[in-house]
Amino acid sequence: MFLKYFFILLFFSQLTAAQPYYTRIRGAVGAEWLGITPKGAVTAEAAFGYLRKSFWNIQAGLGAVNKKTFRSPSLSGALTHCFVLNPYKRKSCVPQPGNYLIESYLEAGLGGFAVDRYDNDIRSGNSKQRLLTPSALAGLRFHLVTGKWIYILKLRYTPPLLPNLLASHAGIGLGLGWR
């Protein structure tokens, strides 16, 4: 009899330990300017791998580069790990406490962008532009949490791992997420 209650207690204690210290986000859409994109991009992202004080996030974007000697569509992407900086004060006897209006995260990972060099090689002979440019990514991420939506602001430092004329060292992103 004692063993049965022990397993029930063990099962429920695992559920309470798995409660995150932040508001979970299912997905988001937004816009990115510079950073892991050459100029700008429309982005989509999804969070996964939730832990107590952190989660993983994957982002993909579609943009364009339009310069005098270089025109191309661009694809960008990033994989980051986000650590909450202002966690909720959870108590074991309160399973679902309220949330903060603004949640802040430290974000770190890898990203990059790809461009198409085909038209530019023919027209201008510009074959020095890299097709794929990976970059490191570190920054701050802020979530403004409302009842249904999560407004996202990302400030990122993105030094390219390979030299590139189109790469930038910093960027900003805005997004709208849902729970």
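The values are calculated or read from the model by the stated rules, or taken from the named source; none is laboratory data. Predicted model, so just to flag it, every value in this text is computed and none were measured. FYI the Cβ positions are ideal-geometry reconstructions off the backbone, even for glycines, and counts take in every protein chain you see. Note: areas computed on protein heavy atoms with side chains; ligands, DNA, RNA excluded. Shrake-Rupley method; radii C 1.70, N 1.55, O 1.52, S 1.80 Å.
What FRET efficiency comes out for the pair Leu101/Ala136, r = Cβ-Cβ distance, R0 = 41 Å, nearest 0.05? Can you show the working numbers first?
On the way: r = 31 Å, r/R0 = 0.75.
For R0 = 41 Å, the calculated efficiency reads 0.85.
Any chance you could run the full-extension gain for Leu174 through Arg117? It's 0.36 nm times the residue separation minus the Cα-Cα distance, nm to one decimal.
Numbers: separation 57, 0.36 × 57 = 20.52 nm, distance 2.84 nm.
In short, 17.7 nm is gained.
How much length is gained on full extension from Tyr151 to Lys68, taking 0.36 nm per residue of separation minus their Cα-Cα distance? Display every interim value, and only then the final one.
Details: separation 83, 0.36 × 83 = 29.88 nm, distance 3.50 nm.
That pair, Tyr151 and Lys68, stretches by 26.4 nm at full extension.
What is the distance, in nm, between label points placed 7 Å from the Cα along the Cα-to-Cβ direction at Leu144 and at Ala60?
Calculated label separation equals 2.9 nm.
Rg and Dmax of segment 27-87, using alpha carbons, in Å: what are they?
Values for segment 27-87 (Cα only, Rg and Dmax): 14.3, 48 Å.
Please give the contour-minus-distance gain from Leu51 to Leu165: 0.36 nm per residue of separation, less the Cα-Cα distance, rounded to one decimal in nm. Each step should come with its number before you reach the end.
Details: separation 114, 0.36 × 114 = 41.04 nm, distance 3.78 nm.
Working it through step by step, the gained length comes to 37.3 nm.
Where the accessible area of segment 126-179 is counted over protein heavy atoms with a 1.4 Å probe, how much of it, in %, is carbon and sulfur?
Numbers: 2120 of 2880 Å².
The nonpolar share, carbon plus sulfur, comes to 73 percent.
Considering only protein heavy atoms, with the full assembly of protein chains and a 1.4 angstrom probe, order Lys68, Lys39 by accessible area, largest first. Each step should come with its number before you reach the end.
On the way: Lys68 195, Lys39 100 Å².
I get Lys68, Lys39, largest accessible area first.
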